[in-house]
1. Being closer than 18 Å to Ser34 by Cβ and among the polar types (S, T, N, Q) is the filter; apply it to the range 141-154 and report the residue that is nearest to the chain's Cα centre (by Cα).
2. Within the range 40-64, work out how many residues are assigned to a helix (DSSP H, G or I) and either under 24 Å from Glu127 (Cβ atoms) or of a type in the set (S, T, N, Q) (or both).
3. Condition first: in contact with a helix residue (DSSP H, G or I) (Cβ under 7 Å, 6 or more places away or on another chain) and of a type in the set (Ser, Thr, Tyr). Can you find one or more residues in the range 74-86 that meet it?
4. Restricting to the range 17-63, what's the tally of residues that are open to solvent by less than 40 Å² (accessible area, probe 1.4 Å) and over 30 Å from Leu168 (Cβ atoms)?
5. Please identify the pairs in which a residue from the range 111-132 that is within 15 Å of Asp60 (Cβ to Cβ) and of a type in the set (S, T, N, Q) has its Cβ atom under 9 Å from the Cβ atom of a residue that is assigned to a helix (DSSP H, G or I) and modelled with pLDDT of 85 or more, counting only partners at least 6 apart or on another chain.
Amino acid sequence: MTLLVIEIKVPDLSQATASTAIDALIHAVPHILSYITSFLVIGVLWLNHHALFHLLRRVDRIVLTINLVLLMCIAFIPFPTALIGEYGKLQPIVMFYGLTLSFTGIVYNVLWFYVVRQYLWDYPQAERRFIYQASLWSIGYPIFYLIASLLSLSNTTLSTVLYILIPLFYLFPSVIDRQLGKLPSSEVS
């Protein structure tokens, strides 16, 4: 997450006047917005990841491998963040950003559904209703990003606004948080 800020370059203001300094700050706004958006995206992924692993007492090699792929996807996010910060009006860049986030969400879902099938489905304290609701909540994440990226074909501004709104929506406590609060920590094996 901290690597995202590296893409916000400090302008050379050594010879700047007040108006050129303001222009430089205005020029940095798209970079700052892309940083905030991607920080929230990664933050939401981290919150869900933390909640999921909070349940588990142990994991197998498959969970660790899927998790490694998820970490690779998350580590890649600074690249499309830098692109959209610099070239956020170009449709292919806007689409690439959304597709990257959608793919990351798909990998998270692979992890979620593997953990559900392997560890949660037969756990007596995990209600099936919770698992269904949490799964729908989880599936929505990459679908929303896919829809937002496809909308870039007709309106890049709308896509960009949705990219900002999606992590804000997922930042609020969800069905996963409510159910996980009922289960004893590190009890699922």
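1. Ranking the qualifying residues of the range 141-154, first place goes to Ser149.
2. Matching residues across the range 40-64 total 10.
3. Within the range 74-86, one or more residues are in contact with a helix residue (DSSP H, G or I) (Cβ under 7 Å, 6 or more places away or on another chain) and of a type in the set (Ser, Thr, Tyr).
4. Final tally of qualifying residues: 2.
5. Pairs found: Gln118/Ile62; Gln118/Val63.
The values are calculated or read from the model by the stated rules, or taken from the named source; none is laboratory data. None of the values given here were measured: they were computed from a predicted structure. In this analysis, Cβ positions are derived from the backbone assuming ideal geometry, glycine residues included, and neighbour counts consider all displayed protein chains. Heavy atoms of the whole protein, side chains included, go into the accessibility calculation; ligands, DNA and RNA do not. Shrake-Rupley method; radii C 1.70, N 1.55, O 1.52, S 1.80 Å.
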